[in-house]
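Working notes for the structure below.
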Amino acid sequence: MSFRLRLWFRNPVFLLALAAGLIAFVVQSGELGTADTMHRLQSTHSFWTSQPPVFPDEYPEFGVHGRNGSLQSWYGIGQSLLMLPADILGTYVERLHIFDRYGDTDPTVRDIVVVYLTQILVTVLTALVCFKLLRQFSFNVNQSVAGVLAFLLATTHLHYTQNMMENNYICLLTLAGFAFEYEWLRTGSRRALLIGTGALGLNLLTRLTTGIDLLAGVLFVFLVLWFEGKRGRALFERCWAYAMVAIPVFCLFGMLDRGYQFYRFGSFTNTYAGLIAKETIARDPSLSRDWPWTTPWHEGFLGALFKPEKSIFLFDPLIILALVLLVLHWRRLAPAVRAYSISACVMLLAYLSFYARYFAWAGDFAWGDRYVSTAVELVALMAIPLLLKYRREAGRTVWMTGTVLLVASLLIQIESLMFWLPLEIYQEETLGHPTFVILLRAKNIAAFALGKMDAWGLNNVPMTQDPWDYVHITCWNFLPFLLRRVGEAPGWVVCATLMVWCVGLAALAATLIRIRQMARQWRES
């Protein structure tokens, strides 16, 4: 057993999985992160209990009328299905006698179980799929390990590891689609192609706009073949073999989505977005007939790029490095890396263009632009592997610039964890626009640590108007500190939770140190 353990702690796959699991463990607050995820979890609960997907008192703020006048959620089924096993387990754990006195206090026992189990699973799988993809692209072990860790820690993926929106689940499935489709290109494995196309198709159940990810996966396959010199009949035969598997798989998941739509709303052809618009305009006739597509296209598109509150370059600086390195080393890149990079960039442009006219084009209550963040992360994935692979060719200036961007991005992502995300949104009501949210977050961290929130003018009335929100934005956003702030858990539970959290941090640090120690051996092997 000790020999097997030593082998595990020399294995980059095991160490990455362990690091990913510990990252997901230590960043959790025990809360679901947003009202959207709370509603999706309620849909999950309605699948196997007698509770409805939407409670009557939530309408009209949330919900839309479906078949027979029933109130239905306006989200896809994907994330609700993902949370189902953890919801069942969490519900039964919550009913244990030991938690009788805790009751339904936030964070609830059920929410804690759901968040920890689901986010750890998604993060570990993402790390493994990322590593698989980078190794397939001919990056060595060290470059791939560094790329995965940078992806998990130095992109907005880290923020969405703490705040359980759909983003990281969508990201996992899209990465799996690319990785297994490329495995099919290399090996001809029908099983790999079924997994890859199945992952991209499964995304449709989460959010219909992931059809963009699906098309990016199709483009990736075509571009790999094209860059490898396939033309004429050889290209046609490979594309035909792909289509014979991909089209039925995509149609299957499209039919499942339409079936869920018919179950809720009695139609195979409409969308919940259209139904929401119809009911919202009926309640408020002053709204434009085009609602929710009411933002001027240029405002939404350029806002996502340059607006201080939402700029993808500020919230994910590694995308700058990735784009620069792709341009500098384009002629040196392998066909698969070129194909992936073009596909990811096209996907990003498509998302930017699609959401540019949406009334809340950046996702409203979110850290950065949540609608495009996954596509940004997929582009940024190439940054560190390319920086390491072409360090000598790029020169000292590029290396130093890349290091600075990596450190800046890491600090920005750690900043995002420290408080619940609406804090700066409340503050902007009195600070006005434009506001550099990242700098404001740094100021909030310093002020809170020093007890200077009032003295520095960072507390305002909007922060206090919702008591629940006020509790959650005025403490460090990690489970031990939130339990202490809420004040319902016994003191010994808070202390025990803090000890476990500290052990998790120490284990993560030890794992990262072990990875650093093994880097020399992996480089020489």
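Just name the residue that is nearest to LEU405 (Cα to Cα) out of those in region 309-318 that are assigned to a helix (DSSP H, G or I) and touching a residue at least 40 places away in the same chain (Cβ under 8 Å). Quick ask: steps written out before the conclusion?
As a first pass, look at region 309-318 and keep what is assigned to a helix (DSSP H, G or I): 312-315, 318.
The next check asks that each one be touching a residue at least 40 places away in the same chain (Cβ under 8 Å); those that pass are 312, 314-315, 318.
Values: ILE312: 14, LEU314: 10, PHE315: 11, LEU318: 6 Å.
Here the answer is LEU318.
Does LEU482 fit the bill of being farther than 25 Å from LEU149 by Cβ and in a helix (DSSP H, G or I)?
Numbers: farther than 25 Å from LEU149 by Cβ: yes; in a helix (DSSP H, G or I): yes.
Criteria met by LEU482.
Cβ-Cβ under 7 Å, sequence separation 6+ or interchain: first residue in region 6-20 and in contact (Cβ under 8 Å) with a residue 24 or more places away in the chain, partner surrounded by 15 or more Cβ atoms within 10 Å (Cβ to Cβ) and among the small types (Gly, Ala, Ser). Which pairs?
What qualifies is LEU16/ALA127; ALA17/ALA127; ALA20/ALA127.
Which residues, taken from region 14-50, are in a loop (DSSP other than H, G, I, E, B) and either surrounded by fewer than 17 Cβ atoms within 10 Å (Cβ to Cβ) or small (Gly, Ala, Ser) (or both)?
The answer is SER29, GLY30, GLY33, THR49, SER50.
Name the residues in region 281-308 that are outside any loop (DSSP other than H, G, I, E, B), open to solvent by less than 60 Å² (accessible area, probe 1.4 Å) and in contact (Cβ under 8 Å) with a residue 12 or more places away in the chain, would you?
GLY300, PHE301, GLY303, ALA304, LEU305
Please go through region 246-280 and give me each residue that is of a type in the set (Phe, Trp, Tyr) and part of a helix (DSSP H, G or I), ordered by number.
PHE250, PHE253, TYR260, PHE262, TYR263, PHE265, TYR272
Hey, which of the helices (runs of 4 or more DSSP H) in region 92-191, taking only ones fully inside, have at least 2 residues that are among the β-branched types (Val, Ile, Thr)?
109-136, 141-153, 167-187
I need every pair where a residue in region 380-409 that is more than 20 Å from CYS345 (Cβ to Cβ) has its Cβ under 6 Å from the Cβ of a residue that is not hydrophobic (A, V, I, L, M, F, W, C), sequence separation at least 6 or different chains.
LEU388/GLN143; TRP399/ARG391; ALA408/PRO317
A quick yes/no check of all residues on (1) open to solvent by 60 Å² or more (accessible area, probe 1.4 Å); (2) within 30 Å of ASN270 (Cβ to Cβ); (3) charged (D, E, K, R):
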position: LEU193; (1), (2), (3): no, no, no
position: ILE212; (1), (2), (3): no, yes, no
position: LEU219; (1), (2), (3): no, yes, no
position: GLY229; (1), (2), (3): no, no, no
position: ALA234; (1), (2), (3): no, no, no
position: GLU237; (1), (2), (3): yes, no, yes
position: ILE247; (1), (2), (3): yes, yes, no
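State whether the residues of region 51-69 include one that is touching a residue at least 60 places away in the same chain (Cβ under 8 Å) and part of a helix (DSSP H, G or I).
yes
Between VAL109, VAL129, VAL148, VAL114, which is open to solvent by less than 30 Å² (accessible area, probe 1.4 Å), under 17 Å from the mean Cα position of the chain (by Cα) and farther than 30 Å from PHE220 by Cα?
Step by step, each of VAL109, VAL129, VAL148, VAL114 is checked, and only VAL114 is open to solvent by less than 30 Å² (accessible area, probe 1.4 Å), under 17 Å from the mean Cα position of the chain (by Cα) and farther than 30 Å from PHE220 by Cα.
Might you let me know whether region 205-225 holds any residue that is part of a helix (DSSP H, G or I) and acidic (Asp, Glu)?
Checking region 205-225: at least one residue is part of a helix (DSSP H, G or I) and acidic (Asp, Glu).
The values are calculated or read from the model by the stated rules, or taken from the named source; none is laboratory data. As the structure is a prediction and not an experimental result, all values here were calculated from the model. Glycine also receives a Cβ, built like all others from the backbone with ideal geometry; neighbour counts cover every protein chain displayed. For the accessible areas, the whole protein counts, side chains as well, though only heavy atoms, and no ligand, DNA or RNA atoms are used. Shrake-Rupley method; radii C 1.70, N 1.55, O 1.52, S 1.80 Å.
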